[in-house]
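The structure appears right after this line, and notes come after that.
The values are calculated or read from the model by the stated rules, or taken from the named source; none is laboratory data. Quantities reported herein were computed from a predicted structural model and do not represent experimental measurements. Quick reminder, even Gly has a Cβ in these numbers, built from the backbone with ideal geometry, and neighbours come from all protein chains shown.
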Protein chains: 2
Amino acid sequence: MPSVGAALWRSLRAHQVYGANTEVGKTLVSTVLCNAVRRLPSPGKAAFLKPVSTGPLDDADDRHLQRHAPGTLTRCLYQFDEPVSPHIAAKQNNFTPPRDDDIVASIHKTLSEWAGNGVDFALVETAGGVHSPGPNGNSQADLYRPLRLPIVLVADSRLGGISSSISAYESLLLRGYDVHSVLLFRDDYYQNHEYLRHYFQDKSIPLVPLPAPPVRPQTQDVDTAARDEEAMTTYYQRVAQSTDVGGLLDQLAAKNTERIDRLEAMASRAQQTIWYPFTQHHGMQPKDITAIDSAYDDYFQTLVPTDDAHAPKLQATFDGSASWWTQGLGHGNPALALSAAYAAGRYGHVMFPGNIHEPALSLAEKLLQGIGNARLQKIFYTDNGSTGMEVAVKMGLRAACHRYGWDASTEQISILGLKGSYHGDTIGVMDCSEPSTYNKKVEWYRGRGYWFDFPQVRMSQGVWRVDVPECLRPHLGADLEFPSLGAVFDVEQRVRSDEGKRYRDYIRTTIAGLVQQGMKFGSLIMEPIILGAGGMLFCDPLFQRSLVDVVRHHLELFAPSAPRPTEGNAWSGLPVILDEVFTGLYRLGRRSSASFIGVDADIAVNAKLLTGGLVPLCTTAASQEIFRAFDSPDKSDALLHGHSYTAHAVGCQVAVDSLNTMMKLERNGSWDDYRRDWASASTPEVWSVWSHDLVRDLSCAESVNGVFAIGTVLVVSLQDLHGSGGYTSTAARGLQQKLSAGGPNFAVHSRVLGNVLYLMSSVTSRPTALREIEGLLRAALL
Amino acid sequence: MPSVGAALWRSLRAHQVYGANTEVGKTLVSTVLCNAVRRLPSPGKAAFLKPVSTGPLDDADDRHLQRHAPGTLTRCLYQFDEPVSPHIAAKQNNFTPPRDDDIVASIHKTLSEWAGNGVDFALVETAGGVHSPGPNGNSQADLYRPLRLPIVLVADSRLGGISSSISAYESLLLRGYDVHSVLLFRDDYYQNHEYLRHYFQDKSIPLVPLPAPPVRPQTQDVDTAARDEEAMTTYYQRVAQSTDVGGLLDQLAAKNTERIDRLEAMASRAQQTIWYPFTQHHGMQPKDITAIDSAYDDYFQTLVPTDDAHAPKLQATFDGSASWWTQGLGHGNPALALSAAYAAGRYGHVMFPGNIHEPALSLAEKLLQGIGNARLQKIFYTDNGSTGMEVAVKMGLRAACHRYGWDASTEQISILGLKGSYHGDTIGVMDCSEPSTYNKKVEWYRGRGYWFDFPQVRMSQGVWRVDVPECLRPHLGADLEFPSLGAVFDVEQRVRSDEGKRYRDYIRTTIAGLVQQGMKFGSLIMEPIILGAGGMLFCDPLFQRSLVDVVRHHLELFAPSAPRPTEGNAWSGLPVILDEVFTGLYRLGRRSSASFIGVDADIAVNAKLLTGGLVPLCTTAASQEIFRAFDSPDKSDALLHGHSYTAHAVGCQVAVDSLNTMMKLERNGSWDDYRRDWASASTPEVWSVWSHDLVRDLSCAESVNGVFAIGTVLVVSLQDLHGSGGYTSTAARGLQQKLSAGGPNFAVHSRVLGNVLYLMSSVTSRPTALREIEGLLRAALL
């Protein structure tokens, strides 16, 4: 979708005219409104834009305006002669239609010009009904959505018109449009206007009925055309005398002003009212808060701080953090909005224990079949990554205590993990991470585990390197270099290498030492490949694989006398919990990030992308044996966890549809260009939407410490000259500000983690937008 | 809405025919389908039902079927002569239209008869378009929704028909309908069938174009009528020869079979796949899991375990736990579905830190203004009650440590609470409850607090009593009796009484003793009035009020040297956290349950009803002074908490609309009948949807230990002859089973907590349904 700003000006009240059906009188309504603008106590300057017109030129809607609303500026962008839907007209004329992006950009440009030229009222009239296809066959309601113009809906006064008017309204609403007024012809027999007035009153939308227009003659010769013209002139005069359209125009103007006033007030009102997550409010100003009018595809529509009444109030800002790593299929996705609405309409929410409904069952089955880990047999639902990890750690600890006969009420059971890991904000999973900025000031935080430092992957000076931490140097020696990212990920080969053995030796002796000191471990917990909140740390996949191998093959470490499990899929040593909340479901280009390290988890957690970026939902998948650790005749042995909205139908349905869509994109080869770009440097299975060349070039920049890209994620680690890196560093702020200033077409919203700036796209982001962002990065860093 | 089962039979494939508009050929399509049924290789028995027909009797759709689909059973339930929308026709005839409930019930009855009489294909044809009003003015799409018949959509082949067809489809979808096929006339000029075939193919919905019908004569005399008849006969013959409608019928039949097969398989598939919350799976059988097809208003549509192919497969089951206490405005609420869709279409999800969007700001402002507690100034968003309480406890502890200069990393800071309290399933808030069945086997659970036993309210033998626990007896003596529930709630009066003083003395000396033993307290945490998960324990409001009074007035208990706060709204002694997740937002009949005890919390948490029962969302509201405890130039002092979907637009928008709806119900006096019923026994502000007489009568039943009702909640505590009560007791199972067997119109789904059975309605439940449930209770217990 185009990176155009939504259409909003203070001086220009611009609206889009949609019809509940074709032939409901859109152009008549437009004419009435434009005429009324000139008749206001302080007359205004009106303009009429028909982006796409079909039918004989002479009969065209802009011509009608010229005749009957003299003084109105009119323009038609694309004209087709056949009186059929534009997608047919374009086909019949053997004509390459204008691209949807260009149509939308042209409308914005036209309106901008008009705003600059003192026009204060403009209508953009659609063709046919709300879903009538544009020249490329896409529904107009979708095609024009980036502009999100407030709507003047022309309802249908004919028999059946109540239904078509309400359905059209619903189709607009579920695309996030605001309908600002409804007009229709008065028909005293069918009385649709009475029914609809009541209907829209409930929604605070004003409805104005107009007198019925004269019947148009069936045949068109010179005489009838003249009579028709005359009848119309009389009609418009009658409307002007009988109907208070001026009042409606005042209401429309007031809504435009209110919308802008509200947008401008939102930051300071938010500062008064909102306690933001992960935010130090000290010294925070309203200017630090961005007012977001709406969002579409990859773009937020953000308020432009300008006092110029003729300047656009909104601009497109690329959502460069994928809204905290959740977005997969674009904001305001109409298919997902409809999925959510369907589930809401079919179920609302259904309490889950003892019940089953289709979305929850479908999603569970889809995940277990699709993730490609035969161990995982059961799905437990919660609401977010943090609660899903609470469940995972409850599962893992219980399974270990159950097998090893430990009494956790009298002894401390710890977990094994990695330094810099992060699994969520609830206190139980905070305890799964080492003390850090995030948790150490939380009064009840008590880290319960041991966390390995680990070798990290980055590209620097054009070379893929693995940095070996101090503690590992005695075992491994110097840093490692690799000819390609693929070579780093060739885990099956590297496992058999000398460095694999050294990793395992180090891990085994470390754990043995900890156990000797009296520590007891109940689970191994890791985020595969990238430790997100900890600072986008790229762990050497071989190290994570080695951790799992040691834990599973050296069960004597944890319980010398415990029998080796005989079942193939039973956990061994410790339950392995993989936190794929961030890394799973195509975030790194693969359905499961566990496949990068060749490990089948005993417990795996998914969230974020699960619902395609719409609503919270989380799944914790577990093996049959983990499940069995809670099996007992005693109810109190059960996993007594469950949130009110567990497996809510809306979330599950949206997740089913998101997963289907993403899997289809994968099947259809939608990412093959990206794969090809990375093929020379890597195995085909490791790729990124970000260019390989960009990564190489940035890795040579003076201010860059390291860089990598995988899947939709790009991470740039900057030299931190004044600080020690980490979460509180400010080294990346400058780069963030340059992105925020943006380029010719859009601004870029990004997030930093200390000296690290990362960018994240959805899985459907357009290559042109990504390359434009890459240009901004190059300009800033090279 | 009626308590009718959704319409589903194995032997009878019943569909509803909706039109994208009026005059699109619904009856022609019905005729074609019914004819095709008789032409199948093994001919079937077809039936046609027109619930509401308008227009001349002779021209009626069922007559058309009789003429052109001979052998088809036909029936029309209500006939109006005027060819206008039924709501106008009913008005014009000065006729009291049939109630919507009766129409729906008649349809179900007719289809049931047909199913019993060997009909295997039935169509229920609507009038006009999907939203054309029924006789009472309600949209047909809403009116017929309880039946949730699969849809045969007749699309519009005329100019503009693409749009109206897709909009009609979307309106059906957002009410939870399944569209099983689309038919329309072929029009080679407009080619709507080509566009729509492609559109619906994507959704796996088969589309069949039919030849265009003959043009109907404009005038109707005997001759033209006869010619018209003849033309139609020829037309139907042509359709039969040219179009493979039999294939479509096979697909429809297969979908009906698949739907039932899937419903019948769901329980066992769920048992294989789903790890249920709060469920001991040991010995669990598929029969213990209820397959839910859909839900509407207060009713689940649940699978009936029957092998009789002619018997209904679904029944209405009253959702008597309000789906884990979340429902307020009914399942499948179309207004909330549309709210959700609007927010999804306008935003998707927008990452929250540093940004503000309208739904999040509106909801925050609405809550702060509406709750009626001037202390609360800031809203922090999370996803569910548990995470919201984690945030609350982080806030409270930080504020206390900050003021008192405690170092929580070296000393244990505890909380004060009530025995039997429950604040959620994440480990941090589990620690806020005393050891219990729920938490004591959780490996990392470490209860951190002191929990008071407390006096409980119940009605027994027709008298409202407060049972004094053992520990309080030395202070208070015998149990208390009250003339009415209002007298129990007359807290301002009771505070000044002798029992108020005794409560306070007991509380003060207890805390003093604990502090002397070295305990440090950081917050007082309570669920006002009813401790939900702990067993629906009704705490004497005076006791909760006394706790707050002691904590706030005796700050010397907690820090002898701390200065008394000078600001009026500053917390004093300890931050008071009220967990209103269950009790707030009209669950107990009032916007805030804190008002029952006359306490302004420093921190208050809302969830469950917040979104009217649709999606997870939680708010933690805090005072300015609590907020300031996190203010510092150091980022790491901030409240570093935040879930990916924090303040997701869908949840916030649905919450705004739910709150507006509930507040409007309150303003409009929708609950005045209930207030009147309780007025004699109580002050007007304490009332219940459950009859006062029922409570009194049940309180005299032999098997009942105590009973109470407040707001939408009814709690019956049963004598537990064989156990000791509590969560693992089975005393209430018998009553639960009787409710589950149900009455003449519906079954009742309820939840038990040990020996306690509770029922909970939405705030819009119909009195007739509630009284029917009361009848079941009386029959079971009296």
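Has segment B:435-453 got any residue that is assigned by the TED database to the domain that holds B:Glu411, among the β-branched types (Val, Ile, Thr), touching a residue at least 40 places away in the same chain (Cβ under 8 Å) and farther than 30 Å from A:Leu397 by Cα? No, every residue in segment B:435-453 fails to be assigned by the TED database to the domain that holds B:Glu411, among the β-branched types (Val, Ile, Thr), touching a residue at least 40 places away in the same chain (Cβ under 8 Å) and farther than 30 Å from A:Leu397 by Cα. Filtered by the rule that a residue be at pLDDT 90 or above, under 24 Å from B:Val222 (Cβ atoms) and in contact with a strand residue (DSSP E or B) (Cβ under 7 Å, 6 or more places away or on another chain), segment B:43-68 gives B:Leu65, B:Gln66.
Every residue, every condition in (1) more than 8 Å from every other protein chain (Cβ to nearest Cβ); (2) of a type outside the set (A, V, I, L, M, F, W, C), yes or no:
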site	(1), (2)
B:Gly128	no, yes
B:Ser171	no, yes
B:Val182	yes, no
B:Asp202	yes, yes
B:Pro213	yes, yes
B:Ala225	yes, no
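Considering segment B:606-690, the qualifying helices (runs of 4 or more DSSP H), each wholly inside and each with 3 or more residues that are within 30 Å of B:Ile710 (Cβ to Cβ) and small (Gly, Ala, Ser), run over B:649-667. The condition of being closer than 13 Å to B:Val457 by Cα and not in a loop (DSSP other than H, G, I, E, B) holds for B:Glu481. Among the residues of segment A:74-85, those that are more than 11 Å from every other protein chain (Cβ to nearest Cβ) and not hydroxyl-bearing (Ser, Thr, Tyr) comprise A:Arg75, A:Cys76, A:Leu77, A:Gln79, A:Phe80, A:Asp81. Against the definition (of a type outside the set (Ser, Thr, Tyr) and farther than 24 Å from B:Val605 by Cβ), how does B:Leu397 come out, yes or no? Answer is no for this residue. Restricting attention to segment B:86-107, the residues that are within 30 Å of the chain's Cα centre (by Cα) and at the interface with another protein chain (Cβ under 9 Å from one of its Cβ atoms) total 1. Before we move on, is B:Ala141 in contact (Cβ under 8 Å) with a residue 12 or more places away in the chain, in the same structural domain as B:Ala36 (by the TED database) and farther than 28 Å from A:Leu173 by Cβ? So B:Ala141 fails the test. Here B:Ala400, B:Ala408 are screened, and the one residue that is facing another protein chain (nearest Cβ under 10 Å) and either surrounded by 22 or more Cβ atoms within 10 Å (Cβ to Cβ) or under 30 Å from A:Phe630 (Cβ atoms) (or both) is B:Ala400.
With respect to B:Gly176, determine if the residue is more than 25 Å from the chain's Cα centre (by Cα), within 13 Å of another protein chain (Cβ to nearest Cβ) and surrounded by 24 or more Cβ atoms within 10 Å (Cβ to Cβ). Lay out the reasoning, then the answer.
On the way: more than 25 Å from the chain's Cα centre (by Cα): no; within 13 Å of another protein chain (Cβ to nearest Cβ): yes; surrounded by 24 or more Cβ atoms within 10 Å (Cβ to Cβ): yes.
Against the criterion (more than 25 Å from the chain's Cα centre (by Cα), within 13 Å of another protein chain (Cβ to nearest Cβ) and surrounded by 24 or more Cβ atoms within 10 Å (Cβ to Cβ)), B:Gly176 does not qualify.
Checking each residue in segment B:413-438 for being under 21 Å from A:Gly447 (Cβ atoms) and under 31 Å from the mean Cα position of the chain (by Cα) picks out B:Thr426, B:Ile427, B:Gly428, B:Val429, B:Met430, B:Asp431, B:Cys432. Residues in segment B:63-101 that are of a type in the set (S, T, N, Q) and touching a Lys or Arg at 6+ places or on another chain (Cβ under 9 Å): B:Thr72, B:Thr74, B:Gln79. Taking segment A:212-231 on its own, how many of its residues are surrounded by 14 or more Cβ atoms within 10 Å (Cβ to Cβ) and either closer than 30 Å to B:Lys664 by Cβ or in contact with a helix residue (DSSP H, G or I) (Cβ under 6 Å, 6 or more places away or on another chain) (or both)? Qualifying residue count, segment A:212-231: 2.
Here are A:Thr620, A:Thr683, A:Thr661, A:Thr712: which of them is within 28 Å of A:Phe482 (Cα to Cα) and modelled with pLDDT of 95 or more?
Details: A:Thr620 fails: within 28 Å of A:Phe482 (Cα to Cα); A:Thr683 fails: modelled with pLDDT of 95 or more; A:Thr661 fails: within 28 Å of A:Phe482 (Cα to Cα).
None of the others qualify; the one that does is A:Thr712.
Looking for something of a type in the set (Ser, Thr, Tyr), free of Cβ contacts under 8 Å to residues at least 12 places away in the same chain and under 24 Å from B:Arg175 (Cα atoms) - is there at least one such residue anywhere in segment A:169-187? Checking segment A:169-187: not a single residue is of a type in the set (Ser, Thr, Tyr), free of Cβ contacts under 8 Å to residues at least 12 places away in the same chain and under 24 Å from B:Arg175 (Cα atoms).
Quick one: which of A:Pro135, A:Pro150 is more than 21 Å from the chain's Cα centre (by Cα), at pLDDT below 95 and either surrounded by fewer than 24 Cβ atoms within 10 Å (Cβ to Cβ) or farther than 24 Å from B:Pro133 by Cα (or both)? Don't jump to the end; show me each part of the working.
Values: A:Pro150 fails: at pLDDT below 95.
Exactly one residue qualifies, and that residue is A:Pro135.
Among the residues making up segment A:235-292, a single one is within 21 Å of A:Ser181 (Cα to Cα), surrounded by 14 or more Cβ atoms within 10 Å (Cβ to Cβ) and free of Cβ contacts under 8 Å to residues at least 12 places away in the same chain: A:Arg262.
Elements of the type strands (runs of 3 or more DSSP E) sitting completely within segment B:300-391 and holding at least 1 residues that are buried (at least 24 other Cβ atoms within 10 Å of the Cβ) and more than 7 Å from chain A (Cβ to nearest Cβ): these cover B:314-319, B:376-382. Within segment A:416-434, restricting attention to residues that are facing another protein chain (nearest Cβ under 9 Å) and free of Cβ contacts under 8 Å to residues at least 24 places away in the same chain, the residue that is surrounded by the most Cβ atoms within 10 Å (Cβ to Cβ) is A:Met430. Is there a residue being part of a strand (DSSP E or B) and at pLDDT 95 or above anywhere in segment B:508-521? Yes, segment B:508-521 contains at least one residue that is part of a strand (DSSP E or B) and at pLDDT 95 or above.
Please work out if B:Asp142 is more than 30 Å from A:Gly128 (Cα to Cα) and either over 32 Å from the mean Cα position of the chain (by Cα) or of a type outside the set (A, V, I, L, M) (or both). Working first, answer last.
Details: more than 30 Å from A:Gly128 (Cα to Cα): no; either over 32 Å from the mean Cα position of the chain (by Cα) or of a type outside the set (A, V, I, L, M) (or both): yes.
Against the criterion (more than 30 Å from A:Gly128 (Cα to Cα) and either over 32 Å from the mean Cα position of the chain (by Cα) or of a type outside the set (A, V, I, L, M) (or both)), B:Asp142 does not qualify.
Any idea how many residues of segment B:188-208 are touching a residue at least 40 places away in the same chain (Cβ under 8 Å), closer than 18 Å to A:Gly129 by Cβ and surrounded by fewer than 24 Cβ atoms within 10 Å (Cβ to Cβ)? It would help to see each step written out before you state the result.
Taking segment B:188-208 and keeping what is touching a residue at least 40 places away in the same chain (Cβ under 8 Å), we get B:196, B:206-208.
Going one step further and asking which of them are closer than 18 Å to A:Gly129 by Cβ, we end up with B:196.
This time we only want the ones that are surrounded by fewer than 24 Cβ atoms within 10 Å (Cβ to Cβ), so: none.
Summing the residues that are touching a residue at least 40 places away in the same chain (Cβ under 8 Å), closer than 18 Å to A:Gly129 by Cβ and surrounded by fewer than 24 Cβ atoms within 10 Å (Cβ to Cβ) in segment B:188-208 gives 0.
A:Thr243 passes every criterion in (1) in the same structural domain as A:Ile151 (by the TED database); (2) modelled with pLDDT of 95 or more apart from (2).
Among the candidates B:Ala638, B:Ala655, B:Ala621, B:Ala647, the residue that is assigned by the TED database to the domain that holds B:Phe380 and on the phi > 0 side of the Ramachandran plot is uniquely B:Ala647.
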